[in-house]
Amino acid sequence: MKLRTLLICTVAFIAQTFSAQTFETATEAVANMGIGWNLGNSLDSHKADVTDVLKTEILRGQIPTKPELMTMLKDAGFGAVRVPVTWYPHMANDGTVDAAWMARVKEVVDYVLDAGMYCIINVHHDGNNKEYGSFPGHPWMQASPANAVNNRSRFKYLWTQIANTFKDYDQRLIFEGYNELLDQYNSWNYASYNCENNYNAVAASEAYSAINSYAQYFVDAVRATGGNNAQRNLVVNTYAAACARGSWSKRLTEPLKEMQLPTDESPNHIIFGVHSYPRIANTDSLGVRSERSWAEIDAELTTQFHNLTDTLAAKGAPVIISEWGSSNVDAAVTDYDALRNHFLYFADDFVKRAKAAGIPLFYWMGVTDRADRSLPVFTQPDLAETMLKAHHGENYNPSTPSKDDYTDKVYNATYLAQWGEVLLASFEDGQGDYTKLTVEFAQKTTRSRLQLRVYYANDYDYKSIQSVTSVQQAFRTNGDKVIRVVLCYINADLSFKPAIKRVYLTKSDGTTVDLVPKNYNNSYIELAGTPLFNNIAVSDALYTSLYYSDRNFIVPVGTTARAYKVEDEQLVRVKTYEAGDVIPMATGVVIGADAACTYMFRHTTEAGEAPVGSMLRGSDTEETTTGGDTYYMLSLNSNFDINSAGFYYKYDNGAPFLNDAHKAYLAVPAGQSLAPRYIFSEKEDAVATGINNAVKTPEKDSWYTIDGRKLNAAPTSSGIYIRNGKKIIIK
């Protein structure tokens, strides 16, 4: 008989094209997308005179996005990624989007969807609170009636191009019409806030009208393209993406009250979007931050979620918070850095409130940042874990790798032009007590292509780098202040990519401080290394199997590992490894978990205790089972019952089968009483019986078919049967 193998790795989302009639509603999408993250400072980066795709993507210190980043996020438990996109530098005067830019956007969207997550793309910094000018040299959208009328054709043409590009994509792709559109006064909080006396009724009314116009233009343009776009879920934001947090002004709820649900030929496919960046700290006159009263924060958040559900969602569409964090999330030193425990408490509370309100969140964005995205690892793994546990539950123990979980780390520098520079250090007011900077390379530089440059106010010192594994540059002692230190690429041949092992500053007392190299001038930095862990995914069945011949594993919290043998027709546990125990190499085990999750099994040099008598085997590659007479695989039954996990015949007679790499199987030697399956009982015990889900053994002198059905009498037709736990062949 054929059985569905138990899913023991990250579930692959099979690409599928839905007809428009099968798309889930906005309400269903909001319920299904889970917790999200923003791919910020990437495709939303912009500068009017930078039109090259790669140079745009790295403008704000990020690396070119890779699919491995999305896999890491999915493995951790994120269900959606918002991909902000700025379009104006890549549009011709007639509004046509550059084909290379559209292709890159499509490529990144595919990364998200291929990882099995929802994806939101938008029109981001084409409208913002900075300068406005003639298209295409500057952001061009604004919350004013004249601007909306003047840009109607251009805006609809942009969305027509985007919608046609993704016309056949499935329901997991969602469009967001615009980001934070502000009035001509650059007013946050509510329209006309920056006017005299913080309000102008006429200006406010016009701004809200413009927002509703842009929302309707967006919906009309997308729906007109047909196909899957006819019922694609669409996000429209309030004025300034305001969320009505707090009660310091009665005007705060205006953006929500004045927001209209666009007319749509496809009911229940509109989502309202807002952003939320609460202030959780106080700053004194010296710039020192301290914790803001939780009572004040609680009052603001209570008001915010009340307004979102009772005012905005009440208009007939669900709500998402497509950006959130604390108020200084983009600062050089954030609340996460300065007030870690306070910030994590806030994050836990915010996620739980949002989940209770049925509002998905998309964090902005430092949880993984800069070169860390290339390895990839979490820059703030404790924050990622806090958010994921708050969303999925306390039993959820996600895989949130950091740089500490890798060895042999190197920063690989890519230069995009001759004289490009990688930033090694920068100083606001000189070098202080630091006397020199040292760079160590992973291998010798073969030719003179690099210079270590130290920039001062009027000139710089440099040292050429050739055939060395380290270089050092001392700082001047005459009082000149160091502005920055860079690694400059002086060669026209850009194929060479130096691998930087370590960068550090030395103080006058000999102590050192390590630095992280960063993108700077026509360059970007990617981090590489060797992982000290394996991610092991456990499905909703809460079981999987594991086998590696060459590494010992530490059992993570939230899981146990067990080894088994068959004895007297029973599956008997011979060894249990609890959280913190070590599974020795070349040991096949069954992993039981508290929750469906991807767990980090860290490597260790410590040798664990081998199980005695275990009949679990495995292989590091896809190989035919060996080591026994009858073979079982970890599986669900033919009905895919989530509670039916156990060991089953792959083939009717327990014949050898092709086993997946790094998966354990049950190999029973000849002479044993056998059953066609051994189904796990209660997870805490994981002791299984031969035929039934119940804990009793098969009745003596009873006959069973190979798939476990009990016969009323001895069989009269040919076939393979089970009698008293043994295989019987009747010819």
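Bear in mind these aren't lab numbers, they're just calculated from the coordinates by the rules spelled out. No experiment lies behind these values; they were computed from the predicted model shown. Note: ideal-geometry Cβ built from the backbone for every residue, glycine included; neighbour counts use all protein chains shown.
The table that follows gives values for the structure above.
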item: For segment 643-650, Karplus couplings with θ = phi - 60° (6.51, -1.76, 1.60), whole Hz, Gly/Pro x; result: 9, 9, 4, x, 9, 10, 4, 6
item: In sequence order, calculated HN-Hα J values of segment 507-514 (Karplus, 6.51, -1.76, 1.60; Hz; x Gly/Pro); result: 8, 5, 8, x, 6, 10, 10, 7
item: Residue order, fewest to most surrounding Cβ atoms within 10 angstrom, among Val590, Val149; result: Val149, Val590
item: Per-residue Cβ neighbour rank within 10 angstrom, fewest leading, Val516, Val482; result: Val516, Val482
item: Net charge over other residues, Cβ less than 12 angstrom from the Cβ of Asn412 (K, R count +1; D, E count -1); result: +2
item: Theoretical FRET efficiency, 1/(1+(r/R0)^6), r = Cβ-Cβ of Asp49 and Phe640, R0 51 Å, to 0.05; result: 0.35
item: Debye, to nearest 20: dipole size of the chain, +1 on Lys, Arg Cβ, -1 on Asp, Glu Cβ; result: 1280
item: For Asn395, net neighbour charge (Lys/Arg +1, Asp/Glu -1) across residues whose Cβ lies under 9 Å away; result: -1
item: Cα pair distances exceeding 52 angstrom across the chain, given as percent; result: 24
item: Loop sites in segment 28-115: chymotrypsin sites (Phe, Trp or Tyr not before Pro), DSSP, at most 14 other Cβ within 10 Å; result: none
item: Cross-link pairs Lys257/Lys315; Lys436/Lys481; Lys257/Lys352; Lys409/Lys663; Lys74/Lys409; Lys66/Lys355 - those with Cα-Cα distance over 18 Å; result: Lys257/Lys352; Lys409/Lys663; Lys74/Lys409; Lys66/Lys355
item: In Hz, Karplus ³J(HN,Hα) per residue of segment 189-204 (6.51, -1.76, 1.60; θ = phi - 60°; x = Gly, Pro); result: 6, 7, 5, 6, 4, 8, 7, 4, 6, 6, 6, 9, 4, 5, 4, 5
item: Thr407 paired with Ile490, simple spin-label distance in nm, labels 7 Å along Cα-to-beta-carbon; result: 3.8
item: Sites Glu296 and Ala579 - FRET efficiency at Förster radius 41 Å, r taken between beta-carbons, to 0.05; result: 0.55
item: Radius ratio Rg over Rh of segment 140-203, counting only Cα atoms, Kirkwood formula for Rh; result: 1.13
item: Options Leu173, Tyr504, Ile554, ranked by Cα towards positive dipole end of the chain, top entry (Cβ charges); result: Ile554
item: Assigned charges on the beta-carbon of Lys, Arg, Asp, Glu; segment 47-205 dipole about Cα centre (debye); result: 100
item: Calculated FRET value between Glu394 and Leu416, using beta carbons and R₀ = 35 Å, to 0.05; result: 0.15
item: Gyration tensor over alpha-carbon atoms, segment 417-521, equivalent ellipsoid semi-axes in Å; result: 23, 15, 12
item: Charge dipole (the chain, unit charges on Cβ, about Cα centre) - positive-most of Met117, Tyr277, Ala204; result: Met117
item: The chain - percent relative contact order, Cα under 8 Å, separation 6 or more; result: 11
item: Student exercise, segment 33-396 dipole from Lys, Arg, Asp, Glu Cβ charges, in Debye to nearest 20; result: 380
item: Local electrostatic count, Met365, Cβ distance below 14 Å [Lys/Arg +1, Asp/Glu -1]; result: -1
item: Amide proton proximity set for Gly646, modelled H, under 5 Å, gap of 5+; result: Ser635, Phe680
item: Value of [θ]222 nm, deg cm²/dmol, for the chain, DSSP H segments ≥ 4, -39500 (n - 2.57) each, nearest 500; result: -5500 deg cm²/dmol
item: Chain lengthening between Asn458 and Ala607 when straightened (0.36 nm per residue, less Cα-Cα); result: 47.7 nm
item: Burial ordering of Leu234, Leu383, fewest other beta-carbon atoms within 10 Å first; result: Leu383, Leu234
item: Positive-end residue of Ala537, Gly654, Phe680, charge dipole of the chain with Cβ unit charges; result: Gly654
item: Kirkwood Rh in Å, taken over all unlike Cα pairs in segment 272-348; result: 13.7
item: Sequence-separation-based contact order of segment 60-133, relative, with Cα cut under 8 Å and 6+ spacing, percent; result: 45
